[in-house]
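These notes concern the structure reproduced below.
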Amino acid sequence: MAANRQSEEKGHRLYRALLRRSIVENQDVTKEITILEAVKEAKLDEARFKQDFADHASLKADLERQGEDAPPVHVGFYNIAVTDGHGRTVYLDQQFQPSMVEGAIDYLSNNQLKKTKPNDILTYIKTHGPTPLIEVQRVFDLPSKDALAELKRLEKTGNAKPTTIAGAPFWSS
């Protein structure tokens, strides 16, 4: 929430960086040093983040307001719940392919939403930070060899650099 005060995009990047550190790298994301490393990765203003992060009363108020406009959803262990905001909800259990979520959105919108899909891998990794091959495959609906070839091409042009995180390759801009 403190990061979202700088921008929703930066808040998303911080969340992603912390989630990766916790799940993939097995780091303790409750430690200040780990949080601040993620803050730098997300390109947040560190001084402002520290000030906002220390404002416990304001963060608590933000937390209490969270979800005020959210529709009610069934409590269960679904992986994804997609709602139209007007009483119709689709629950997807064990579905991790973007096409399945897209299908639920199409169904709920009666195919009325204009679809946008990223078409530039470099812009995607610039926006989202360190990105694994499997994510590039799924987001861009590419076979593994094609996704890898494009990432290698970006490496050769100096636009992307690979790194290994928890034994798996990730690419950054």
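The values are calculated or read from the model by the stated rules, or taken from the named source; none is laboratory data. Keep in mind that this is a model prediction, so the values were computed, not measured. As a convention, Cβ positions derive from the backbone with ideal geometry for all residues, glycine included, and neighbour counts pool all protein chains shown.
Report, by residue number, each residue of region 90-115 that is loosely packed, with under 13 Cβ neighbours inside 10 Å and of a type in the set (D, E, K, R). Within region 90-115, Asp93, Lys114, Lys115 qualify.
For (1) in contact with a Pro (Cβ under 7 Å, 6 or more places away or on another chain); (2) among the basic types (Lys, Arg); (3) at positive phi; (4) modelled with pLDDT of 90 or more, each residue gets a yes or a no:
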{"site": "Arg21", "(1), (2), (3), (4)": "no, yes, no, yes"}
{"site": "Asn26", "(1), (2), (3), (4)": "no, no, yes, no"}
{"site": "Ile33", "(1), (2), (3), (4)": "no, no, no, yes"}
{"site": "Glu37", "(1), (2), (3), (4)": "no, no, no, yes"}
{"site": "Glu41", "(1), (2), (3), (4)": "no, no, no, yes"}
{"site": "Asp45", "(1), (2), (3), (4)": "no, no, no, yes"}
{"site": "Phe53", "(1), (2), (3), (4)": "no, no, no, yes"}
{"site": "Arg65", "(1), (2), (3), (4)": "no, yes, no, no"}
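Kindly check whether there is at least one residue in region 63-75 that is surrounded by 11 or more Cβ atoms within 10 Å (Cβ to Cβ), in a helix (DSSP H, G or I), out of contact with any Leu (no Cβ under 9 Å at 6 or more places or on another chain) and of a type outside the set (S, T, N, Q). Looking through region 63-75, none of the residues is surrounded by 11 or more Cβ atoms within 10 Å (Cβ to Cβ), in a helix (DSSP H, G or I), out of contact with any Leu (no Cβ under 9 Å at 6 or more places or on another chain) and of a type outside the set (S, T, N, Q).
Which of the residues spanning region 139-169 are assigned to a helix (DSSP H, G or I) and surrounded by 15 or more Cβ atoms within 10 Å (Cβ to Cβ)?
Scanning region 139-169 gives Val139, Phe140, Ala147, Leu148, Glu150, Leu151, Leu154.
Hey, any hits in region 92-112 for a residue that's in contact with a helix residue (DSSP H, G or I) (Cβ under 9 Å, 6 or more places away or on another chain) and assigned to a strand (DSSP E or B)? Yes, that holds for at least one residue. Total residues in region 116-131 satisfying the condition of being buried (at least 16 other Cβ atoms within 10 Å of the Cβ) and outside any helix (DSSP H, G or I): the figure is 3.
Can you tell me which residue within region 27-48, out of those that are in a helix (DSSP H, G or I) and over 19 Å from the mean Cα position of the chain (by Cα), is surrounded by the most Cβ atoms within 10 Å (Cβ to Cβ)? By that ranking, first place goes to Arg48.
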